[in-house]
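See structure below.
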Amino acid sequence: MKSALTQYGFLNAKLRARMANLDESHIIDKMLDAPTLIQAIEVLRENPDYKKIATIYDESGDIQLIEKSLVDNEVGMRKELSKYLEDYAKDFSDLLIMKLEINNLKNIIRIWYDNILLGGNVGYRMNYVIKYKILNDIPWEALINAVNWEEIIKALKDTCYFEAVNRHSSEDIRKNGLVYFEMEMDVDYYKKLLDSLKHMSKRDRMVATDVLGVDLNIKNILNIIRYGKYYDIPHEKLYSLLLPGGSLYDSPNFKKSFKNKNVEEFLIKRFSKYDLESIMEATDKSELLRRSLKLEKELAEHRKNVYKKILRGYPFTIGLIMAYCFVYEKFNNSIQVILNGKYYGWDRDRIMEVV
Amino acid sequence: MINFFTKPMKLMTVVVNKTLSDKVAQGLLKLGVMDFINVKDLDIDIDLSKMQSGNSIEDLKEIDKFLNQIKSIYSQGGILPPKVKSIDIPENFDFRKDECRVFLYDISNQLAEIKERQKISSQKYHSYAEMNNYMVQGKVPYLDIRVGGFTKEESDLKNKIPSSCVFLYLNNENSTPSSPHILVSLKRDGGKINPVLDKLGWIESDDVTSQKESYDQVRTALGTYCDKLKEEHNKIKNETNEIVSKNSGQMDVFFREIQIYKLCMKIKSSFINTKNTSIFSGWVPTDKAKGIETIVMDDSKGQCIIEWTEAKEVRGVPIPVEMDTPGALAPFSRIVNNFNTPEYGSVNPVFLTTIAFMIMFALMFADVGQGFVLLLIGFFMGRSYKKNPMKKEGLISSNLCELLIYLGFASMAGGALFGSYFGFEVFPPLWFNFHGVVMGTANDSTSLINDVYDILGITIKFGFAVIVVGLILNWINLARKKDWVHLLLDKYGISGGTIFIIGYWGANVFVASGYKTFPSSPLFTYGIGIPVFALLLKAPFKAAINKTKFKIDIMDWFVDLLEIFSGYLSNTLSFMRVAGLGIAHVSLMAAFEQMSEMIPNLAGKILILLIGNALVIALEGLSAGIQALRLNYYEFFTKFFTGRGVAYKPVNLDY
């Protein structure tokens, strides 16, 4: 097995340089300052890494194609990382690629749901999904052209996602929508991710567990609010859909609070630095959404700080790969938000709220 | 006349009638020679803290917005903004801000509208292209191909069918609604299309022949339709270019206005104002002093006070450095600037860098043929950059092209000296046969260079010469600065230099004696001994000048000595890389020559030689360039180039 220095030495230099480039380019600030969408695109044109995206806009005028291109870049970036790694680090890195595959799969199934089951006019959106191999051999075309749930199950028959889709019947989907399906997909994914930590070196395992722990806590808090409060999913069902890991999930008191149906009080007490009380008290759904967004922002900031801490710490760990993927994803998401904001004529403050 | 030192500068400070300050700013921009400083930084006895600055950052930000907007419009149209010249600054200049805002808003809206249409057209194209792909790839199960007719007589039938469905008449364009039609759609869109078709009374045809015919017809029609959509899409895309070029005349006018206005604001941001006056100050090259004085006097109608201060009298602000280098030496100026800015009043290093760089390159990459190829690449690629300013800078950038022309000449000169023409000796060498010496095939008994060691010896001598030139330049710089302590008692001063020169002579004698004895002359003993002890006096002299406590710094002296002996030795030996690269060049060419001899047919031989030459030009050319750069930066510049200077940046139309 390679030493940490050999495994991460080169990547450390490379990724840090790239992150510094992203920082120093001030693309996000300049895009936010741009008064129009066209000027925001010009900011991208000035940066060699994003020039191609400006060209896509020149050719199509379509920001959805830009979004697709950003996802393509992300897939390319994660695949590139994976090439540099070996052993468990490569397996872990492949799981990071798998996340994008799952996102693509969810996206296709969402469009399918809107198009076929809800009868929306969104079939054209299938042109913006990825149709090439991301990690596994997935028959994307068959999925895209599925006209019922059975065809989706059939298309995924020989893939690692078969079990996840096969758990749900056509009737379930029609009745419950995609919420349970998507949450279960996430649960399966995080189980795999947590499983992969077992094979890591002690230092890598500690770093990855810390980072994933924070991630899982955040996702679980938000899921409890979103699905428990907003969609009113019953407690028993909700617990089975929580992501399996992190200090919150692993705490016996948390499990007990679910049993006693006082999880909300438990969360308020445990995460007292966030204003969870006001969220739990919200009766109006739009108010609940507004307050949740605020919380989401605070938690995102917390996650950002965790990654910053990793970057300040011992450099030769898997944490660097995780931090880079986080930074890159966040950067691309910000570009997407700004472009959409500019398209719809939002002002800087409104875009900033979402960024 | 060429100035071998940095240009002498003078500081101009002006107090001008405030009402005329705009006019003065325009005049200063037109001339474009003043490097403004913050008047508050000057060591003067007036309280300037309550005086206002000429322009706020917000004003500049606002104008930047205009500039970015107009630049983005140019970029959308694929054209470059015009170059603003001093002639574009009119007598009574004014920026029509409101008109410009309306104009840019209007164009931006037009472009946004085109982009929206472009988006819709792109989406439509991709939808049909998907159907077409399935058709071409035989993935018909993803498609619904219907043949039939409508039972209800509806007008404007085409527009009633969902847009995601391709509508065709079977065989006949002029058919009625009830005559056979073909409808093609994606199966996944069936949920939306079927109800509409039911509403229009669609009945599927049971005519087997029609059904069969429809497949081929659909295949052709879809392809044609996609081509048509692509064409339409491109047409919309071109509208952007048309709008931009249609308005380019007015845009150019506004662009110039914005640029001039911005630069005037930039100039005025260096002004500080009292109730009735504006004060500004800046550096001007001495030879431009008269010109700028006349401009300020004229534009202020004589209502100004001008004060000139010599550079040596100015305290508290750095004196900017301008080098008077001929434009033809721009590639080497860039090499120097890339390293750093020389100190004010020091030697302009560009001339000597040009000579040193070209000699080094010529020694490492000596071949008339390959040099000519470099020259051609530099010339033709450079010309294509000039012809097409929008061309993307590639690996061989426009700046590199200019350098390649020089290096091509240097390489050709080196090739002629060593008799190398694409690795062959076509003409006898003017100096010695490098190729022959390296390969052991040279048989010129009169030549002083007979083996690889002789070649290494040449490069060591060359290195010695380069270092000595560097030292002499350092001594000139220090003498001009009147820094006598460093001139006499520094490792790169006369003491250190003397140790190096005498040491080099001693080393030569030592080698010549078969590594047995050093020179017995007292010049050798005293030439090394006196400077060694003189270096010990550096700290006390410094202390005396700075009026600090007397001290003898033994540690500093010892480190200096170590650095002198090890540093100069490694610096000199470093030049052996020049020989190394030259030898590698010959060896590679010889290898390709031998490989070509193994091929029986002429075409194969030529191919091997072509590939060999191409590889050598690319790889050796690159390494010779990098090594020449390295030797200049680390062995030559470090002797005299402190890099503590501040570049002269006048506010002009190139700012």
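The values are calculated or read from the model by the stated rules, or taken from the named source; none is laboratory data. Since the structure is predicted, the reported quantities are computational estimates derived from the model, not experimental observations. Glycine also receives a Cβ, built like all others from the backbone with ideal geometry; neighbour counts cover every protein chain displayed. In case anyone asks, the SASA skips ligands and DNA or RNA and just uses the protein heavy atoms, side chains included. Shrake-Rupley method; radii C 1.70, N 1.55, O 1.52, S 1.80 Å.
In table form, for the structure just shown:
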read-out	value
Accessible area (Å², 1.4 Å probe, nearest 10) - B:Lys649	130 Å²
Carbon/sulfur fraction of accessible area - chain A, other protein chains in place, 1.4 Å, %	51 percent
Residues with amide H under 5 Å from that of B:Thr277, placed H, sequence gap 5 or more	B:Lys18
Estimated vicinal HN-Hα couplings, Hz - region A:34-46 in sequence order (Karplus 6.51, -1.76, 1.60; Gly, Pro = x)	5, x, 10, 4, 4, 6, 5, 5, 4, 4, 5, 4, 5
Sequence-distant residues sharing a close amide H with B:Ser205 (under 5 Å, placed H)	B:Val147, B:Gly148, B:Gly149
Where A meets B: accessible area buried, both sides, 1.4 Å probe, Å²	2500 Å²
Kirkwood Rh in Å, taken over region B:256-405 so that all alpha-carbon pairs contribute	19.9 Å
Region B:320-442 - Kirkwood radius from inverse mean 1/r over Cα pairs (Å)	16.0 Å
Kirkwood Rh, Cα atoms: Rg over Rh of region A:1-56	1.22
Phi-based couplings in Hz for region A:321-329 (Karplus 6.51, -1.76, 1.60; Gly and Pro marked x)	4, 5, 5, 5, 4, 5, 4, 5, 5
Estimated inter-spin distance, A:His26 and B:Lys290, nm [label 7 Å along Cα→Cβ]	4.3 nm
Inter-site label distance for A:Trp346 and A:Val122 at 7 Å from Cα along Cβ, in nm	1.8 nm
Rg over Rh, two decimals, region A:1-160 (C-alpha only, Kirkwood Rh)	1.04
Ranked order, A:Met206, B:Met131 - accessible area, probe 1.4 Å, largest first	A:Met206, B:Met131
Sites A:Asp172 and A:Asp137, calculated FRET efficiency, Cβ-Cβ separation with R0 30 Å, nearest 0.05	0.70
Rounded to 10°, Cα long-axis angle of helix B:398-418 versus longest principal axis of chain B	50 degrees
Cα-based equivalent ellipsoid of chain B: semi-axis lengths in Å, sorted from largest, via gyration tensor	68, 46, 20
Rule-of-thumb Rg ratio for the protein assembly as shown [Cα; 2.2 N^0.38 Å; N residues]	1.24
Binned Cα-Cα distances of region B:177-253, short to long, each 10 Å bin given as a whole percent	14, 27, 26, 14, 11, 7, 1
Estimated distance in nm for a label pair at B:Lys542 and A:Lys68, the labels positioned 7 Å out from Cα along Cα-to-Cβ	6.7 nm
Charge sum, other residues only, whose C-beta stays under 15 Å from A:Lys2's C-beta, Lys/Arg counted +1 and Asp/Glu -1	-1
Largest-first principal axis extents, alpha carbons of region B:510-655, Å	82, 66, 23
Table column - 3J(HN,Hα) (Hz), region B:380-397, Karplus curve with 6.51, -1.76, 1.60, x for Gly and Pro	6, 5, x, 5, 5, 5, 5, 5, 10, x, 7, 4, 5, 5, x, 4, 8, 7
Debye equation applied to the C-alpha atoms of chain A, log10 I(q)/I(0) at 0.06, 0.10, 0.11, 0.12 Å⁻¹	-0.24, -0.71, -0.88, -1.07
Carbon and sulfur %, accessible surface of region B:440-519 computed with the full protein complex present, 1.4 Å	67 percent
Whole-Å distance, taken between Cα centres, linking region B:181-209 and region B:373-431	68 Å
B:Glu307-A:Thr55 FRET efficiency (beta carbon distance; Förster radius 45 Å; 0.05 resolution)	0.25
Centre separation in Å (Cα based) which lies between region B:281-324 and region A:105-160	72 Å
Where chain B is the region considered: accessible area per residue in Å², 1.4 Å probe	51 Å²
Placed amide H near B:Ala647: partners under 5 Å, 5+ positions off or other chain	B:Val321
1.4 Å probe accessible area per residue over region A:41-183, in Å²	41 Å²
A:Arg167 - accessible surface, heavy atoms, 1.4 Å probe, Å² rounded to 10	110 Å²
